[in-house]
Amino acid sequence: MAKKQIHEIKVAELFAGVGGFRIGLEGASDAYKTIWNNQWEPSTKHQDASLVYRARFGREGHVNEDINLVKTESIPNHDLLVGGFPCQDYSVAASLSRSGGIEGKKGVLWWQIYRILNEKGENRPDYVFFENVDRLLGSPAKQRGRDFAIILASLSDLGYTVEWRVINAADYGMPQRRRRTYIVGYKDGSVVNSKVEDLKKWVLYDGVFAKGFPFQPKDKTESIFSIDGKIPEVSENFNKTGKDSPFGNAGIMRNRHVYSVDTSPLYEGPTMTLGGNLIDEELVPEDFFISDEDLKKWEYEKGSKKIKRVSKEGFEYMFSEGAMTFPDSIDAPSRTIITGEGGNSPSRFKHVIKTKSGRYRRLVPIELERLNMFPDNHTLHPEVSEVKRAFLMGNALVCGVVREVGKELFRQIYGEEPVSTHPIEQKRNPCPMLNLSLFNEIKEDLVRNQRKKNHTLDATKSLLIGHVKEDFADYFMDGGITKYYYTGKTKSFPSTIALNKLYYFMPYLKGIGVKDIYLIKIARIGSKAEIRNDSNDTDPRLIFELEYIASLDKPKMITTNIFRTYRWTILGSILDN
């Protein structure tokens, strides 16, 4: 008999920004509980990210203080440490080597992660999950791969097996071309660590990244080697004469032994585009539109150039750069959002789209949030400007990647399917533990129009239509992308329906009919109590995990002809008018 999931994974979040890790993990499973988080923006008095984080998630456990000054004993013990740490120079001088060359290294935030893990001792978390730029694997230019080798070696010395993967979110159906290095570590003695038997098999078939982000290994790109020496020696000598980094974009390290390979992504699901995340033109403030006069300046910035320049040493040289796509294509994922995305000054790197009316405009903050897969208006705050909202999204990660990693990590730990009642696109409570008048100054209506996914409907695929009870109807009408549908008890589910052939699902709402079309991502045995917090019903049922992809132009009444509850047909029978 299925039981309601009672698992809990306590999370501590470093360099929290506006909560991308938290949103992604909560979207993966209700088991993830962020109990402590730190966000500090140096060199500024106005802590915008901290303001947004507290407004969305509350003050409890939030620390807005320089991490260099945070004492490890003030951080509660936790199961998973996460963070998107800044990319810096990780080198370690031998003169610092009272503790492997690391103690005393200030200003480089990786060493603060190391400090916390080291000082936690036996209480250090079983799992770590970090994010950094993709160039981490090849930096610095004069000693390719040294920085990443230092990180891997230091984690190995703390007892972690570490796997990594460079992931472009757009390669897996997400709405932004954002390549980042994701790192997951498993402490000796942890559940997942005990599953890692063969390094190559783990990377290619069995690991968190292999299952969450399928790929094809590239021929003749395998690399097997060891990272030798104490940390200062790694810093000084690693790949000192090599031209290329030995690290492929997927790999694993255990006890300083490394296996890595380069990969090509494999993905055939629905995709999200820039255009699918735009709000209606009439909702866009006028100052986001570009005047005819300024349009020429934008065209210049986006165009190709050859400019004579003089170096500091007095040498004259020709600076050149190619043309950027202008305006940005709305039929593909967006380019990477950068911190300078905000403001109306012409720029080579800011996004500009052409609207249906023929006007050109910049992206509004809610669209930038959507491209990072945050909830709509997540950064909306009376004390945070629109320029700063864009800056915060330029610093953020794509929540969808974190969600998929979180799901696979949960499966590896518990051997069960994760359940989340907090999908990442869900609108959050704007002021859970703050002054209830926080948003009173904001008069305009908040935008809640639907995001869209690109998917070519296949009319020949099998479709399951299922009744939705009245008390669950609102759940299927709130505009969310990810949903669960539970059937009647398994003994009453019709044996005439071939589960292995099901592809699409449409909910039937009493008095309304069918309208929304979902992909069936997973069909499994579960219980009503998993999905409904107000239920103690643990009898086994079929659970369908769904992903919204399209809607009919208008609702269509149909007849459910199996137990008056279900209809098994093909999608074409519904699309045929």
Some residue of the stretch 23-43 being over 21 Å from F130 (Cα atoms) and either part of a strand (DSSP E or B) or of a type in the set (K, R) (or both): no
Matching residues, the stretch 54-83, being in contact with a Gly (Cβ under 7 Å, 6 or more places away or on another chain) and either of a type in the set (A, V, I, L, M, F, W, C) or surrounded by fewer than 23 Cβ atoms within 10 Å (Cβ to Cβ) (or both): F57
Verdict on R165 being touching a Lys or Arg at 6+ places or on another chain (Cβ under 8 Å), in the same structural domain as N38 (by TED's automatic domain parsing) and at pLDDT 95 or above: no
Among residues of the stretch 129-141, those that are of a type in the set (A, V, I, L, M) and crowded, with 22+ Cβ neighbours inside 10 Å, counted: 2
When residues of the stretch 335-362 are limited to those that are in a loop (DSSP other than H, G, I, E, B) and in contact (Cβ under 8 Å) with a residue 60 or more places away in the chain, the one surrounded by the most Cβ atoms within 10 Å (Cβ to Cβ): I337
Filtered residues of the stretch 66-97 (kept if at pLDDT 90 or above, out of contact with any strand residue (DSSP E or B) (no Cβ under 7 Å at 6 or more places or on another chain) and among the charged types (D, E, K, R)): D66, K71, E73
Odd one out for R144 among (1) surrounded by fewer than 20 Cβ atoms within 10 Å (Cβ to Cβ); (2) assigned to a loop (DSSP other than H, G, I, E, B): (1)
Restricting the stretch 255-306 to residues that are surrounded by 15 or more Cβ atoms within 10 Å (Cβ to Cβ) and closer than 30 Å to I150 by Cβ, the residue that is nearest to the chain's Cα centre (by Cα): T263
Residue within the stretch 491-507 that is among the charged types (D, E, K, R), surrounded by 14 or more Cβ atoms within 10 Å (Cβ to Cβ) and touching a residue at least 24 places away in the same chain (Cβ under 8 Å) present: no
Hits in the stretch 537-577 - residues which are part of a strand (DSSP E or B) and without any contact (Cβ under 8 Å) to a residue 24 or more places away in the chain: D553
Test: residue in the stretch 194-202 that is in contact with a strand residue (DSSP E or B) (Cβ under 6 Å, 6 or more places away or on another chain) and closer than 30 Å to L519 by Cβ: yes
Matching option when the condition is within 14 Å of Y300 (Cβ to Cβ) and of a type in the set (G, A, S), among A323, A332: A323
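The values are calculated or read from the model by the stated rules, or taken from the named source; none is laboratory data. Computed from a predicted structure; not experimentally measured. Note that each Cβ is placed from the backbone with ideal geometry, even for glycine, and that neighbours are counted across all protein chains shown.
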